[in-house]
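The values are calculated or read from the model by the stated rules, or taken from the named source; none is laboratory data. In this text, all values refer to a predicted model and were calculated from it rather than measured experimentally. Please note: Cβ atoms are built from the backbone with ideal geometry, for glycine as well, and neighbour counts cover all protein chains shown.
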Amino acid sequence: MPISKRAKNVVASSTLAITARAKELKAQGCDVVNFAAGEPDFDTPDFIKKAAIKAIEDGLTKYTPSIGTVDLRKAISKKFLDDNNLKYDPTSEIVVSCGAKHSLYNLMQVLVEEKDEVLVPAPYWVSYPEMIKLSGATPKFLETTSGSQFKITAKQLEESISPNTKALILNSPSNPTGTVYTKTELKDIAQVCVKRNIFVVSDEIYEKLCYAKEPYTSIASLGKEIFDLTVTVNGVSKAYAMTGWRIGYFGGSKEIAQNVKKIQDHSTSNPSSISQAAALAALGAPPDTLDAMKGKFQKRRDVIMKCLDKIPEISYIYPNGAFYIFCNISKVGEDSVSTAKKILDDTNVACIPGKGFGADEYMRLSFATSVERIEEGISRIAKWVKENSK
Ligand SMILES: Cc1ncc(COP(=O)(O)O)c(C=O)c1O
């Protein structure tokens, strides 16, 4: 079979193997606790579903502009301004895609090419390196440690820039670590990017799930120069429990938006018209609509930390955002893949090995599940660790 080098070079998603095995066990009737989920366990709110049903009934079932309806782009422009103090023109500087993942993929296609390097702080979301490779460019990882809460520093960034460095991907709050950059840290990073003319792709998909007191900062809001170098990516998947609807978007320069538009014109065309109507309803809702979901996530985070605190062999970094806790398991097993597999086989608890995130001494546990299941799952892990630790 003549499979392209490009496709052969892509590494399959490491999160899928465990998820598939967990599903298998569940189908066999096992009582599986799922800490593997990368999505909210809540149902999409009713008012959003109703907007989608109304869109179908009103006949909004045709093609829309490939970069999304004017109404949705206007709502996104308002969101950027209200929440992030960013001014993106809805007609020329905003593109709606089939999920933030799609926006990020298209952006890599537009921003970089062979010989270019894209800086990726590690641990990283599994798809970044593959998207970069698919664009022909090379990912260059900036290693971080738990000591710096898995954050890069401005000095480290500056030292990592080579003549081929074109862009930096920043993800705050982070999947898999839950780390959130402060305004001061972002200012320092922005300064380096401006000085060295490095593009920033700021993946803000978990923006609405920040538990720290400090208000969320978008790096592009820190001055005109960094605004001009930044593409701000976001979407409705995580904030509104809408992962299956596939609506993401970005704000960036006219030139970038126009070029992404060309790619969408000839590949996916528009994201589903019905999902766009649903996203419009979501973005138009009062800000406190999200408080209940966020409050539950925060409570679950506190519960999972309390449970993990009783296992001395496992440490973690305090997650200030998203719904993940990144656990150091180096005192527990050989490597993350075999440890996660053993835990699943022995206890029916599914966790994601850190290897795919560039951190083989870690496992990612998602707390997008109920308090009862968190307590049950961690107590099974605690028992397993007692019996199996080195
Ligand atoms: C860091 C990060 N960015 C982007 C995405 C993609 O989100 P979407 O569902 O909008 O494609 C995810 C989803 O898991 C993610 O974790």
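Does Asp58 fit the bill of being farther than 30 Å from Asp228 by Cα, in the same structural domain as Arg301 (by TED's automatic domain parsing) and modelled with pLDDT of 95 or more? Give the steps one after another, and end with the answer.
Values: farther than 30 Å from Asp228 by Cα: yes; in the same structural domain as Arg301 (by TED's automatic domain parsing): no; modelled with pLDDT of 95 or more: yes.
So Asp58 does not fit the description; no.
Okay, residues lined up against (1) within 16 Å of the ligand (Cβ to nearest atom); (2) touching a Gly at 6+ places or on another chain (Cβ under 9 Å):
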| site | (1), (2) |
| --- | --- |
| Ser160 | no, no |
| Pro163 | no, no |
| Leu168 | yes, no |
| Pro173 | yes, yes |
| Pro176 | yes, yes |
| Thr182 | no, no |
| Lys187 | no, yes |
- Could you please find all residues in the stretch 196-212 being within 15 Å of the ligand (Cβ to nearest atom) and not in a strand (DSSP E or B)? Glu204, Ile205, Tyr206, Glu207, Lys208, Leu209
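So which strands (runs of 3 or more DSSP E) are wholly in the stretch 213-329 and hold at least 3 residues that are farther than 27 Å from Val194 by Cα?
Details: elements: 230-235, 248-251, 324-328.
Filter on the stretch 213-329 gives 324-328.
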- Item | the stretch 121-137, residues that are free of Cβ contacts under 8 Å to residues at least 60 places away in the same chain and within 12 Å of the ligand (Cβ to nearest atom) | Pro121, Tyr128, Met131
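Residue-by-condition table, conditions (1) closer than 30 Å to Ala167 by Cα; (2) more than 16 Å from the ligand (Cβ to nearest atom); (3) surrounded by fewer than 19 Cβ atoms within 10 Å (Cβ to Cβ):
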{"position": "Ser13", "(1), (2), (3)": "yes, no, yes"}
{"position": "Val33", "(1), (2), (3)": "no, yes, no"}
{"position": "Lys50", "(1), (2), (3)": "no, yes, yes"}
{"position": "Lys62", "(1), (2), (3)": "no, yes, yes"}
{"position": "Ser66", "(1), (2), (3)": "yes, yes, no"}
{"position": "Asp89", "(1), (2), (3)": "yes, yes, yes"}
{"position": "Val112", "(1), (2), (3)": "yes, yes, no"}
- Message: Can you find, within the stretch 154-170, the residue that is surrounded by the most Cβ atoms within 10 Å (Cβ to Cβ) among those that are over 8 Å from Leu119 (Cβ atoms) and in contact with a Ser or Thr (Cβ under 9 Å, 6 or more places away or on another chain)?
- Response: Leu170
- Qualifying residue in the stretch 296-306 (condition: under 24 Å from Lys383 (Cβ atoms), of a type in the set (A, V, I, L, M) and touching a helix residue (DSSP H, G or I) at 6+ places or on another chain (Cβ under 7 Å)): yes
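Got a sec? Which of Asp71, Asp31, Asp82, Asp58 is within 19 Å of Leu290 (Cβ to Cβ) and out of contact with any Phe, Trp or Tyr (no Cβ under 9 Å at 6 or more places or on another chain)?
Numbers: Asp71 fails: within 19 Å of Leu290 (Cβ to Cβ); Asp31 fails: within 19 Å of Leu290 (Cβ to Cβ); Asp58 fails: within 19 Å of Leu290 (Cβ to Cβ).
It is Asp82.
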- Message: Restricting to the stretch 91-110, name every residue that is more than 16 Å from the ligand (Cβ to nearest atom) and under 23 Å from Arg6 (Cα atoms).
- Response: Val110
- Query: Can you name the condition, by its number, that Lys262 falls short on among (1) touching a strand residue (DSSP E or B) at 6+ places or on another chain (Cβ under 6 Å); (2) away from the ligand (no atom under 13 Å from the Cβ); (3) closer than 21 Å to Thr69 by Cβ?
  - Reply: (1)
- Checking Gly244 against (1) within 16 Å of the ligand (Cβ to nearest atom); (2) not assigned by TED's automatic domain parsing to the domain that holds Lys74, which single condition isn't satisfied? (2)
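Across the stretch 68-82, which residue is nearest to the ligand (Cβ to nearest atom) among those that are of a type in the set (D, E, K, R) and surrounded by 18 or more Cβ atoms within 10 Å (Cβ to Cβ)?
Step by step, filter the stretch 68-82, then rank; the result is Lys79.
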- May I ask you to verify whether Lys386 is assigned to a loop (DSSP other than H, G, I, E, B), modelled with pLDDT under 95 and over 13 Å from Ala36 (Cα atoms)? no
